[in-house]
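Asks: Please see the structure below; I have some questions.
Nothing in this text is a laboratory measurement; each read-out follows from the coordinates by a stated rule. Computed from a predicted structure; not experimentally measured. All Cβ positions, glycine included, derive from the backbone under ideal geometry; neighbour counts span all protein chains shown.
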Amino acid sequence: MVKRKVKQRKLEVGHGWGGPPHDPYTFMERTVHHTIDYGYFVNCMTVTLHEGLMEHVTINGEKFEFEEDDARETFEDLTGIPVATFDTAYNRIASTCCRCGHKGMPTFARGLPGEMFMICGKCDHIINTYMDYSAII
Ligand SMILES: [Zn+2]
C-alpha cells in the first residue's frame, strides 16, 4: 500500500471574462496547488477547474475538456476535495483576519460606488476589498 501525505496545499479562486466582446460570458476558476509526499518522491501538482460556457480541467498546464459534470468529478478525484468543501475552506481562509486571526463572521461595508469592504468582526481591520465595476459604468 502506497501512503500519500499532502505536505502543502494552496487554494486559489479566479474570475474572468471570455467570449466575443458583443456576447461575453463569465467564468470561475478554482485552483489547488498540491505538494504530495509519497515517501519515495514528492510530487507537485496544480489542478484548475474552469467553469463557464465551457468546462475544463487543467493539470500542470495541460488542458482536458469535459462535458457537463465530468470536469467537476475529475477535479474532485484529482484533488480529493469536493467543490463544496473547497468553497467552504477558501471562504474561511479568505475571511480570517490577518491582524488578530479571528475566524468569525466578518461584516461588510460599502465605500465608494461599487466598492465593498470585508471587515473583521473583532478588531475592525479591513480583511478584503471587492470592486464591482458594473455599479459605476
Ligand atoms: Zn481582526
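Asks: Give me a comma-separated list of calculated 3J(HN,Hα) values for segment 37-44, in order, Karplus coefficients 6.51, -1.76, 1.60 applied at θ = phi - 60°, integers in Hz, x for any Gly or Pro.
Replies: Values per residue, Gly and Pro as x: 9, 8, x, 9, 7, 10, 10, 10 Hz.
Asks: Please list, short to long, the whole-number percent of alpha-carbon pairs of segment 41-87 in consecutive 10 angstrom bins beginning at zero.
Replies: 28, 56, 15, 2
Asks: Any idea what log10 I(q)/I(0) is at q = 0.12, 0.20 Å⁻¹ for segment 1-77, Debye with uniform C-alpha scatterers and no solvent?
Replies: -0.41, -0.90
Asks: Using the beta-carbon distance between residue 37 and residue 103 and R0 = 22 Å, what value does 1/(1 + (r/R0)^6) give for FRET efficiency, to the nearest 0.05?
Replies: Numbers: r = 28 Å, r/R0 = 1.25.
It comes to 0.20.
Asks: Ok, one more. Contour minus end-to-end for residue 54 and residue 28, with contour as 0.36 nm per residue of separation and end-to-end as the Cα-Cα distance? Could the numbers behind the result be given before it?
Replies: Details: separation 26, 0.36 × 26 = 9.36 nm, distance 1.07 nm.
Roughly 8.3 nm would be gained on extension.
Asks: Would you work out the relative contact order for the chain, in percent, from Cα pairs under 8 angstrom that are 6 or more residues apart?
Replies: 13
Asks: Fully extended, how many nm does the chain gain between residue 110 and residue 63 (0.36 nm per residue separation, minus their Cα-Cα distance)? Can you show the working numbers first?
Replies: Working: separation 47, 0.36 × 47 = 16.92 nm, distance 3.86 nm.
Gain on extension, residue 110 to residue 63, equals 13.1 nm.
Asks: Right, another one. At 222 nm, what helix-only mean residue ellipticity would the chain give, in deg cm²/dmol to the nearest 500, using -39500 (n - 2.57) for each DSSP H run of four or more? Mind showing how you got there, number by number?
Replies: Details: 2 runs with 22 residues, N = 137.
-5000 deg cm²/dmol, from helical runs alone.
Asks: For segment 72-114, what size does the Cα cloud have along each of its three principal axes, sorted from largest down, in whole Å?
Replies: Ordered largest first, segment 72-114 gives principal extents of 40, 28, 13 Å.
Asks: Could you work out the mean projected area of the convex hull around the alpha carbons of the chain, in square nanometres to one decimal?
Replies: Spelled out: convex hull of the Cα atoms, projected over all directions, averaged, 11.4 nm².
Asks: Between segment 1-67 and segment 70-137, what is the separation of their alpha carbon centroids in Å?
Replies: Between the Cα centre of segment 1-67 and that of segment 70-137, the gap is 19 Å.
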